[in-house]
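One structure is given below, encoded as C-alpha cells.
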Amino acid sequence: MVVVHVVASISWLALMLCLLTLATTALTTNDADTVRTAYRAMGMLGDVLIIPLSLVTLVSGVVLALGTPWGLFRYYWVSTKLWLTLAATVASMFALTARLHDAVHAVARHPAGPISAMDLGFIRYNVVIVPAVALLLYLANVILSVFKPWGKRSDGRSAGGQQRR
C-alpha cells in the first residue's frame, strides 16, 4: 500500500508539473498552434489522469493511516495531510478539470489562424494558477510527511490517565 500511495502521489505531482509546463508555454508563446496543442494536451491529460490519481492518492493515504500506528486523527500532521489531500482532490476534480475544459473549448472556437489574448481571456492565467496552487498543496504534504511536525493530538486524557471533563 505504501508503494501504491507513493507512486500515485508522485504521479499526481508530476501531472501538475506537466500541466503547469504546458500552461506556461501557452501563456508565453505567440504561436497559435502551440497554444492549441498545449491546451488540447492539457485537456487530454486532465480527462484521463486527474480523477484516478487524486482518488488513488486519497484512498491509499486513508488506508495507510488507518493501518499504521500513525492513525488518521492521532497526529496533527496526518490529519492536516488528510484535509489538504481531500481539498486538492475536490479542487482537482471540479475546479481544475473545469478550467482545462474551458481552455480546450476556447481554442476549439478558433481552429485556425491567430488566437489573441482577448479570445482566451482569463483562461490563460487560470490554467497556470490552478496547477501552481495544487503544486504548493502537494509540496506542503511532502513537507508534512518528511518532518512530521506538531506531535500527537490529545486523546482527552490527562497525565494520570484520567478522562478530562
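The values are calculated or read from the model by the stated rules, or taken from the named source; none is laboratory data. Just so we're clear, the structure is a prediction, and the values are computed from it rather than from any experiment. Glycine gets a Cβ as well: all are built from the backbone with ideal geometry, and neighbour counts include every protein chain shown. In case anyone asks, the SASA skips ligands and DNA or RNA and just uses the protein heavy atoms, side chains included. Shrake-Rupley method; radii C 1.70, N 1.55, O 1.52, S 1.80 Å.
From the helices alone, meaning DSSP H stretches of at least four residues, give me the mean residue ellipticity at 222 nm for the chain, per-run term -39500 (n - 2.57), in deg cm²/dmol to the nearest 500. Numbers along the way, then the final one.
Working: 7 runs with 114 residues, N = 165.
After summing the helix terms and dividing by residue count, I get -23000 deg cm²/dmol.
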So for each of 59-72, 12-25 I average, over its residues, the number of other beta carbons within 10 Å; can you give me the resulting order with the highest mean first? 12-25, 59-72
Restricted to Cα positions, what overall size does segment 38-165 have along the principal axes? Three whole-Å values, descending. 76, 27, 24
About its Cα centre, what dipole magnitude does the chain give when the only charges are +1 on Lys and Arg Cβ and -1 on Asp and Glu Cβ, stated in debye to the nearest 20? 960
Quote the relative contact order of the chain in percent (integer), defining contacts as alpha-carbon pairs under 8 Å separated by 6+ residues. 31
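Translational diffusion coefficient of segment 23-112 at 20 °C, 1.002 mPa s, Stokes-Einstein with Kirkwood Rh over Cα pairs, in µm²/s as a whole number.
On the way: Rh = 15.0 Å.
Roughly 143 µm²/s, to the nearest whole number.
Calculate what fraction, in whole %, of the accessible area of segment 38-164 sits on carbon and sulfur atoms when a 1.4 Å probe is rolled over the protein chains.
Numbers: 5050 of 7170 Å².
Here carbon and sulfur together make up 70 percent of the probe-accessible area.
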Angle, helix 76-91 long axis vs. longest principal axis of the chain, Cα atoms, 0 to 90°, nearest 10? 30
Taking Cα atoms, the helix 32-45 axis meets the longest principal axis of the chain at an angle in degrees (rounded to 10) of 30
Just going by the charge dipole of the chain, with Lys and Arg at +1 and Asp and Glu at -1 on Cβ, which of Trp77, Thr97, Leu13 is farthest out on the positive end? Trp77
Residue with peak Gaussian network fluctuation, the chain [Cα springs, cutoff 10 Å], from Arg36, Arg74, Arg109: Arg109
Which part of segment 91-122 falls in the paramagnetic zone of Ala132, meaning amide N under 15 Å from the point 7 Å along Cα-to-beta-carbon? 122
